[in-house]
1. Could you grab the pairs with beta carbons closer than 7 Å, sequence gap of 6+ or different chains, first residue in the range A:47-75 and touching a residue at least 12 places away in the same chain (Cβ under 8 Å) and over 14 Å from A:LEU151 (Cα atoms), second one among the charged types (D, E, K, R) and surrounded by 11 or more Cβ atoms within 10 Å (Cβ to Cβ)?
2. Those residues that are within 14 Å of another protein chain (Cβ to nearest Cβ), part of a loop (DSSP other than H, G, I, E, B) and either open to solvent by 10 Å² or more (accessible area, probe 1.4 Å) or without any contact (Cβ under 8 Å) to a residue 24 or more places away in the chain (or both), I need them from the range A:386-418; list them, please.
3. Filter the range B:159-183 down to residues that are assigned to a strand (DSSP E or B) and charged (D, E, K, R), then give me how many there are.
4. Take the conditions open to solvent by 10 Å² or more (accessible area, probe 1.4 Å), within 8 Å of chain A (Cβ to nearest Cβ) and out of contact with any Ser or Thr (no Cβ under 9 Å at 6 or more places or on another chain) and apply them to B:ARG123. Does it pass?
5. For the condition small (Gly, Ala, Ser), within 14 Å of chain A (Cβ to nearest Cβ) and more than 18 Å from the chain's Cα centre (by Cα), what is the one hit in B:SER144, B:SER245?
6. Name the residue that is surrounded by the fewest Cβ atoms within 10 Å (Cβ to Cβ), counting only residues in the range B:159-191 that are in contact with a Phe, Trp or Tyr (Cβ under 7 Å, 6 or more places away or on another chain) and more than 13 Å from every other protein chain (Cβ to nearest Cβ).
7. Being under 16 Å from A:ALA541 (Cβ atoms) and in a helix (DSSP H, G or I), is that true of even one residue in the range A:446-456?
Amino acid sequence: MALSPAANSEGPAANSEGPAANSEGPAANSEGPATKNGSPMPFVRLKLRLIANGLRGRPGRIALFVTGVLVSGIFAVAGYAIFAVPGVLDDGRAAATLLPLGGSALVLGWVVLPLVFFGVDESLDPARFALFPLRRRTLIAGLFTAALVGLPALATLVATAGTVSTAAQLGGGGAALVQFAGIVAGLLLCVAVSRSVTSAFATGLRSRRSRDLAVVLLAVVAALLGPLQLAVLAGLERADWEAFGTVARIAGWTPLGAPYSIGLDVAAGRAWAVPVKLLIVGAAIAGLLWWWSATLERAMLGAAASGRGGEAAETGSPVDRLVGRLLFGRRLPATRFGALVGREVRYWLRETRRRAALITFTVVGLFLPVSVSMSGGSPGLMGGFVGALAAVALANQFGYEGSAYAANMTAGVPGRTEIHSRAAAHALFTVPLLMVVAIVVALVSGRPEGLAAQFGGLVAAYGVGLGVVLPVSVIAAYALPETTSPFALSSGGGAAKGLLTLGAMLATVVVSVPLQVVAFFLGDVWLWLGLPAGIAYGCAAYLIGSGVAGDLLDRRMPELLAAVTPGR
Amino acid sequence: MTCYFRTMTVPAQRHREEPPAAMSLRGLVKHFDTKLAVSGVSLDVPAGSFYGLLGPNGAGKTTTLSMAVGLLRPDAGQAFLQGYDVWADPAAAKARLGVLPDGVRLFDRLTGPELLAYHGLLRGMDAATVDQRARELLDVLELSSAGRTMVVDYSAGMRKKIGLACALLHAPRLLVLDEPFEAVDPVSAARIRDILQRYVAGGGTVIFSSHVMEVVERLCSHVAILSDGVLRLHGTLGAVRGDRSLEEVFVQVVGGRVGTGSELAWL
């Protein structure tokens, strides 16, 4: 670019002013003059401006915001009411249990919720400040203050204010004042802990591998929620209040519960505990801020991929690597079908969303029939449900790899070959699993003689499920987000089509019912007839469904590709 | 069924033209919602030519090529590859075609060798040939050292190279490449140029899109300039360029601004 001499002579002067202007902070751009002494106020104004701009002219967003306000309000009022109950009842013992434990739960909520909804609010993502010459202390102070401004912090403050009311009832004005200091310290702790954990998490999730691992862990946790819930409920039935009191006393001396129990300490005449507990909380906040500051720098670098060197070269010819050494050391034929199945099998093992689906299905598939047969229900009907559930993993099978499907289109893979290969690869994982389910159910329900019929029923349901789901996967495919973030949700359009999946599942259960009815009326004969009849029923349903799906695919390939390509 | 279609589609080949076009597009139109992405593109790519499709960002290059190779259904118009109608007889049209799409994912949870084997077997080649050619391609494109790394962990340049290898594996007679030189380092770009030039010298046809004038000027025998979904200019490089540089012609045809020297004076 040609510059005039005059412009050149002015250049350096203008440049030398640049950094000074920048050091005023990011808000300087939008908010006019800002302070130079590292005040956090520009960050707060920036956050408020971002919220306001986000709402401007977007009814959907406004509705979401109003919903958020309502939910926060309900949370705040309910929290206040719960925390104030011991005071109203004038029950010191209940207060000594509820306040530390409830407060601890609240702090833990601040740790977990941002992780689950990670990526929802990135308005003040540290990575966006990477290019500004800000001192780290200024940045921390600013981000911390900005995080205090918001519905969650406000709702938490109001909810915990219930403890102030309780302290006032139990110990008078002095206790209330101390407790108020406690809830402010508690709020600071909540924000510090959530910001620092989020930041550390962002740093930890930089590589694709750790993100993949996080997805799998999340799937395991999600799948275990059901069993865990039962275990906790069973534990509660046996628990006594003494144990809770002990736990609460201990929690009161940890940073989690300390801020919420100091008012009670005053009321109980243990004023000496107040400075000690405040010191504990203060030290915890300081430690968290230090940790945050340490991870912030790495978080600011964002998800820039760190180059890894090539891994050890693998032996074997390329074709062997694709179709050889599959499950159980089997080999697939070196044909088009073999290649398709080999690729699918590898995707079930390597692609995070598919792996998560397999894990979830394994846990649910084992847990549901076992819990049903333990509680004396009919494992037969539950088997139908499990078989249908297995097939549902294929409801958006084309969405998993998105636009990569273009390769199969340019290679001219016929629709039926495509569908058969995908079903075959899924069956390689699912059928052995169904066998395990049948064995476990037979053992748990104490009817080993029903094993074959049980397995037949499962295969029938799986076959019917595939028959229903495969056409759905062609008609109602939708794009999944391309990001590998474990917490990215499919936005918008997927929801309606997800409902269709639910419909497919219901249809599967309905179509499986005739077999269940026959089984019921045949009684013991079914023990012998169940396996062959189930397999025949399942295969017939699969053949019809896959045929329909294959023909649909032949007609709709470009439309399918467009549907699964994100951002169109 | 194939025979039936062949008798139907072969007459579409225009015998009076010599040599027959490797790719010919007839009035392709595509709307996205209300936006007209491609409006009536007709183009003949002669067999044995090295054809460059030029255009600014958003000109409709990718949309046009997607319709030409059967990835995107046009609202109107036809596309013929080696005389076969892509939308009436896809199997025959795609058989001798290699495609490197842009903005389309690969099956990136496979390793490089696995991906090549996948493409080879998908094209119905026998295992021994796939192995031999895949090894050679990996070697030539310097991808052998990637070993067990999945394609998802490849750099952008490596991804382009493995995509190109997949397109070349079955020795097609027509290569359609969308932005083959984007994000590729100079050394690899030189290697790719070399491979493509030898391919054309051996009788193959290449059509590729780009917005880098130097590459097009250096490689192509023919160019077409596309902007706002309309084909503005096409023909042999010499005919399009005249006695000016390709960049001058391009900027003039596309209607870009020409600097007067007075704007941004403070820089």
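1. A:GLY54/A:ARG61
2. If the condition is that a residue be within 14 Å of another protein chain (Cβ to nearest Cβ), part of a loop (DSSP other than H, G, I, E, B) and either open to solvent by 10 Å² or more (accessible area, probe 1.4 Å) or without any contact (Cβ under 8 Å) to a residue 24 or more places away in the chain (or both), then A:ALA411, A:GLY412, A:PRO414 are the ones that fit.
3. 1
4. Yes: the conditions hold for B:ARG123.
5. B:SER144
6. Once the filter is applied, the top-ranked residue is B:ALA189.
7. yes
A quick yes/no check of all residues on (1) in contact with a strand residue (DSSP E or B) (Cβ under 6 Å, 6 or more places away or on another chain); (2) of a type in the set (Phe, Trp, Tyr); (3) at pLDDT 85 or above; (4) part of a helix (DSSP H, G or I):
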residue	(1), (2), (3), (4)
A:LYS36	no, no, no, no
A:ALA63	no, no, no, yes
A:VAL71	no, no, yes, yes
A:ILE74	no, no, yes, yes
A:TYR80	no, yes, yes, yes
A:PHE83	no, yes, yes, yes
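The values are calculated or read from the model by the stated rules, or taken from the named source; none is laboratory data. Remember, predicted model here, so these are calculated numbers, not experimental data. Here the Cβ is made from the backbone with ideal geometry for all residues, glycine too, and neighbour counts use every protein chain on show. The accessibility values were calculated without ligands, DNA or RNA, using every heavy atom of the protein model including side chains. Shrake-Rupley method; radii C 1.70, N 1.55, O 1.52, S 1.80 Å.
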